[in-house]
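Down below is the structure, laid out as structure tokens.
The values are calculated or read from the model by the stated rules, or taken from the named source; none is laboratory data. Just so it is clear, the model here is predicted, and its values are computed rather than measured. Here the Cβ positions follow ideal geometry from the backbone for every residue, glycine too, while neighbour counts run over all protein chains shown.
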Amino acid sequence: MMHVTVVDWLVIAAGVAAIAWVNWYFFFAERTAVIANTGASGRQEVTVVVRGGYEPSTIRVKAGRPVRLAFDRQETSSCSEEIVFPDFNVRKFLPAHQRTIIELTPPKAGTYEFSCGMSMLHGRLVAD
């Protein structure tokens with residue numbers, strides 16, 4: 001017969017807590033929301049830092065107006081080397097320690113999800 005000790009229960013609880021935290025961090029954590037600035041060209045512009053996630057992870061823009069997103073990848077993790085906007089049919093490589101520009105225009109109000117190529121890092125473009 002197996003005897004479960006307090007230490008066993010603490011190890012199990014720590015494991016469950018670690019799994020819950022990893023899932024929250026990769027799938028549910030919002031790393032701030034930013035309203036896009038309108039540049040001199042009338043285009044909405046935002047810089048997104050890529051480092052273990054997207055900062056900001058939520059970007060608010062006006063629907064029907066061009067958006068210029070500068071993804072500044074500050075790491076070499078293989079997970080963050082690609083950005084995917086399925087609603088816009090955009091899939092682009094993000095070189096490490098460089099900025100990559102993506103320009104798109106949300107056609108109507110709504111939420112447009114984006115992620116890394118492995119679908120572990122997530123963000124959203126919210127058009128009003």
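Computed quantities for the displayed model
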{"quantity": "Single condition PRO95 does not satisfy, out of (1) closer than 23 Å to ARG43 by Cα; (2) exposed (fewer than 13 other Cβ atoms within 10 Å of the Cβ); (3) not small (Gly, Ala, Ser)", "calculated": "(1)"}
{"quantity": "Filter pass, SER57 being small (Gly, Ala, Ser), at pLDDT 90 or above and within 22 Å of ALA109 (Cα to Cα)", "calculated": "yes"}
